[in-house]
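Notes follow once the structure below has been shown.
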Amino acid sequence: MSEHILPQGAGYGVVIGMGLFFSLVMVGITKMQIRYTSHKTSSAEEFNSASRSVPPGLIAAGIVSAWTWAATLLQSSATAYKFGISGPWWYASGATIQVLLFAMIASKLKQHAPYCHTYLEIIRARWGRVAHLTFLCFGLATNIIVSTMLILGGSATVTDLTGMNTVAACFLIPLGVSIYVLTGGMRATLIADYSHTLVLYCILIAFALTAYGTSDIIGSPSKMWDLLAQAAEQNPIAGNAHGSYLTMRSKSGLIFGVLNIVGNFGTVFNDQAYWQRAIASDPKTSVKAFLWGGIAWFGIPMGIATSLGLSAVALAHGPNPVITLSASEVGAGLPAVKAAAALMGQSGAIAMLILLFLAVTSACSAEQIAVSSLLTYDVYGVYIVPNPSEKQILWTSHLCIFGYSLFMGAIATAFNYIGVSMGYLYELMGTIIGSAVVPIALCITWNKCNGTGAVVGAILGFCAGIAGWIGVTSSLNDGVIDVTTTFGDYEMLTGNLLAIGVGGIITVGWSLIRPSHFDWDITRAINNQIESPPMDNFASDKDMSPGEGDKKMMDDIPQSGPTIEEQPVDLTEENKGLQKAFRFAAWSALTLVVILIFVIPLPLFFSSYVYPKSGFTAWVCVSLIWLFVGLGMVGIYPMWEARRGLMKVGRGIATDISRIGK
């Protein structure tokens, strides 16, 4: 008898069948868009940037979808299994604040570089070739790490549930996604994101209601509390108050929270996927989209970890164990998978398979279009064919999407064979890419940021992070350095903190000592001129003196192809609105950050408070309410804001049908 709850054919059916189904649906939507709207995918601007006109609800859905990885669903539940209720909170809050803070970046992007295609175009215009190549490496490294985690998590789940060949899953998942990305570009990606997000929320709500409402095994917050209390007696968590699963006082949970915060700054601020959503958004609503996206996304890891993650604890460590989980299975993020299958049988396993497939494919599409943009505009359009034609841009974009989908499968397969799990990469990513966070953020927000300091800070921060990670591993493990020893809490924490800390301190310190006094008119001119020679100099401090080098550089702004389709008509008035939006974003995002990271969790941590039944019931109710709020924000509202466009398309279809009948 097979040890897998679903037959192998179910795995291939979902990966190939659903992949082709969604691809065909998206291809059909793209054809309707071309026929009945003014947005044509034959335009490079529409293909890569969706004509910079996407409304906030759809952008928010795209943000939620791009930020909902396999790790969001699997690793968040694994933290609940390992740390108790602190795990879901630290995962959700520690990965929400980056999206909220990116709202400030989005407003500054629209204000200071309204016509750019990638954030690396801004770096090249401001700091020159050396900085451009340096941060290109960090940007591509970010996309590779994210893509690898996506495919590793998705393939591990498919294999565990169905026995499908892991290598086949690694290649088939991204290849299926590439079909609709190749056809429809950025707008098709966002529409696919929306459809995936809508289904994802419905499945998550079904899981939560089953765990706390209809399950014969658990069925209520009160019963869950009893089972978690019994689990703490049989299997107490070291470092938790009284060994309990029902407390925020968790030493390992707090360490994970710091790792989560630091690492996820890199995967948002360094990832072209989020810059691309800011670029594609309507300038008037870009801030709203990121704030909505962050608030809605919080409920996803919080909801699934509070339901399935805690259910896995109750089912594995309760008085009558129903499931068993090895350390490797926990590292692969399988507590949620085991819990769903135990609570709902085959229907739960199928729902989990579909859930993971949707999360992985929607995030894959975001990474494919992001990498395609970087390779097209910042490699091909700068170092191979400067100032390419629109036809060349489209051809290169398509080739890069297909090529990167193959690369995603190959790199995930390689990591699978060497035994590196999704959880390992999740905690390591801050050490690899964290040093570039502060330089990239300051490039678009602080005119005094020094280019030389930014490059030095990013490189030395990376070196410090790697050295600290390996050094602490050797010190704490008697010189043994391998996949197991480098995965320790303090080892990972050291690398993450050194990377982002050293990179930020050097960048800011250098800039305060030798400020650059940059003129934002330089970045505003990116792609706003038809032809101009490429700028390859790495600007020194003396070249950036106020009032001199800036004006000279205005004639040397790098271009990446033809002018933009739709330009703002009154930049002065628009800049005033964007500055107001930036202040709103700053106050809103920083207030939410303080509440999520300090005001709520830290008093509970230091008080060693253990939730009683009533408190835990309230906790569960809040997580459920948040799921429904998120469904309304990014599932229902986008349909309302698109009502006029949908009616226009409907009338067009009706007219075509009536013509056929004549």
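The values are calculated or read from the model by the stated rules, or taken from the named source; none is laboratory data. This is a predicted model, so every value here is computed, not measured. Neighbour counts are summed over all protein chains in view; Cβ atoms, including those assigned to glycine, are modelled from backbone coordinates with ideal geometry.
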*Of all the helices (runs of 4 or more DSSP H) wholly in region 590-662, which have at least 2 residues that are more than 28 Å from the chain's Cα centre (by Cα) and not hydroxyl-bearing (S, T, Y)?*
601-606, 613-631, 643-660
*Elements of type helices (runs of 4 or more DSSP H) in region 421-508, at least 1 residues being free of Cβ contacts under 8 Å to residues at least 40 places away in the same chain and over 24 Å from the mean Cα position of the chain (by Cα)*: 451-476
*Could you say whether any residue in region 510-523 is closer than 18 Å to L136 by Cβ, out of contact with any Leu (no Cβ under 8 Å at 6 or more places or on another chain), at pLDDT below 95 and among the β-branched types (V, I, T)?*
yes
_Selection within region 247-272 - more than 20 Å from T68 (Cα to Cα) and touching a helix residue (DSSP H, G or I) at 6+ places or on another chain (Cβ under 6 Å)_ = T247, M248, R249, S250, S252, G253, I255
*Can you name the residue in region 307-326 that is touching a residue at least 60 places away in the same chain (Cβ under 8 Å) and among the β-branched types (V, I, T) and is also surrounded by the fewest Cβ atoms within 10 Å (Cβ to Cβ) among such residues?*
V322
*Out of curiosity, is V379 among the aliphatic types (A, V, I, L, M), out of contact with any Phe, Trp or Tyr (no Cβ under 6 Å at 6 or more places or on another chain) and in a loop (DSSP other than H, G, I, E, B)?*
no
*List pairs: first in region 381-392 and closer than 16 Å to S43 by Cα, second in a helix (DSSP H, G or I) and of a type in the set (D, E), Cβ under 9 Å, 6+ apart or cross-chain?*
E390/E45
*Within region 191-221, can you find the residues that are aliphatic (A, V, I, L, M), surrounded by fewer than 22 Cβ atoms within 10 Å (Cβ to Cβ) and in a loop (DSSP other than H, G, I, E, B)?*
I217
_For region 244-292, which positions are hydroxyl-bearing (S, T, Y) and either surrounded by fewer than 24 Cβ atoms within 10 Å (Cβ to Cβ) or assigned to a helix (DSSP H, G or I) (or both)?_
S244, S252, T267, Y274, T285, S286
*If you take just the helices (runs of 4 or more DSSP H) that sit entirely in region 84-190, which of them hold at least 3 residues that are modelled with pLDDT under 95?*
86-112, 129-162
*Subset tally (residues that are crowded, with 23+ Cβ neighbours inside 10 Å and modelled with pLDDT under 95) for region 435-450*: 1
_Evaluation of G333 against (1) surrounded by 24 or more Cβ atoms within 10 Å (Cβ to Cβ); (2) touching a strand residue (DSSP E or B) at 6+ places or on another chain (Cβ under 7 Å); (3) small (G, A, S) (one fails), failing number_ = (2)
_at pLDDT below 95, over 21 Å from T484 (Cα atoms) and either aliphatic (A, V, I, L, M) or touching a strand residue (DSSP E or B) at 6+ places or on another chain (Cβ under 8 Å) (or both): is that true of A414 in this structure?_
no
*Of the conditions (1) part of a loop (DSSP other than H, G, I, E, B); (2) modelled with pLDDT of 90 or more, T563 clears all except one; give me its number.*
(2)
_Filter result for M32 (within 23 Å of the chain's Cα centre (by Cα), surrounded by fewer than 24 Cβ atoms within 10 Å (Cβ to Cβ) and either modelled with pLDDT of 75 or more or outside any helix (DSSP H, G or I) (or both))_ = no
*asked:* Here is a check on your reading of the model: is G409 touching a Pro at 6+ places or on another chain (Cβ under 7 Å) and crowded, with 20+ Cβ neighbours inside 10 Å?
replied: yes
_Count - residues of region 233-243 that are under 15 Å from K82 (Cβ atoms) and either surrounded by fewer than 22 Cβ atoms within 10 Å (Cβ to Cβ) or of a type in the set (K, R) (or both)_ = 5
*Can you find even one residue in region 295-314 that is under 17 Å from the mean Cα position of the chain (by Cα) and small (G, A, S)?*
yes
